[in-house]
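The values are calculated or read from the model by the stated rules, or taken from the named source; none is laboratory data. On a predicted model such as this, the values are computed, not experimentally measured, just so you know. Don't worry about glycine lacking a Cβ; one is built from the backbone with ideal geometry, like all the others, and counts go over all protein chains shown.
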């Protein structure tokens, strides 16, 4: 059995917002959206995860041109998924390195946690 394919996808853990699915800002232009789509396809080809690939393809088709982005904003009535709401509230970012002052304050001897 191929363990890379998920036979039971969990739709509540997927983006319904095409911008979040592709990982682009709402003011992104056509070339940025196309580049994000190609990067997503390279990271997740249809042979490895057809469900994720289909989500990427649908997101790209929804916002690939300026006209489609305007139509998406005006006429899309799907409610946001749980993952969409969480990503809008607190976007996931790469972990960063704390600055020296923060690190010293955290490691200060005698500090009560």
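Overview of results
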| read-out | value |
| --- | --- |
| Members of the range 40-51 that are free of Cβ contacts under 8 Å to residues at least 12 places away in the same chain and either assigned to a helix (DSSP H, G or I) or exposed (fewer than 13 other Cβ atoms within 10 Å of the Cβ) (or both) | 42, 43, 45, 47 |
| Options 88, 68; residue that is modelled with pLDDT of 85 or more, within 17 Å of residue 20 (Cβ to Cβ), touching a helix residue (DSSP H, G or I) at 6+ places or on another chain (Cβ under 8 Å) and assigned to a helix (DSSP H, G or I) | 68 |
| Those residues of the range 59-68 which are surrounded by 10 or more Cβ atoms within 10 Å (Cβ to Cβ) and free of Cβ contacts under 8 Å to residues at least 12 places away in the same chain, in sequence order | 61, 68 |
| So residue 40, is it modelled with pLDDT of 85 or more, touching a helix residue (DSSP H, G or I) at 6+ places or on another chain (Cβ under 7 Å) and on the phi > 0 side of the Ramachandran plot | no |
| Tabulated pairs, the range 20-32, first farther than 15 Å from residue 68 by Cα, second modelled with pLDDT under 90 and surrounded by 13 or more Cβ atoms within 10 Å (Cβ to Cβ), C-beta under 8 angstrom, 6+ apart or interchain | 20/83; 20/84; 20/87; 21/14; 21/15 |
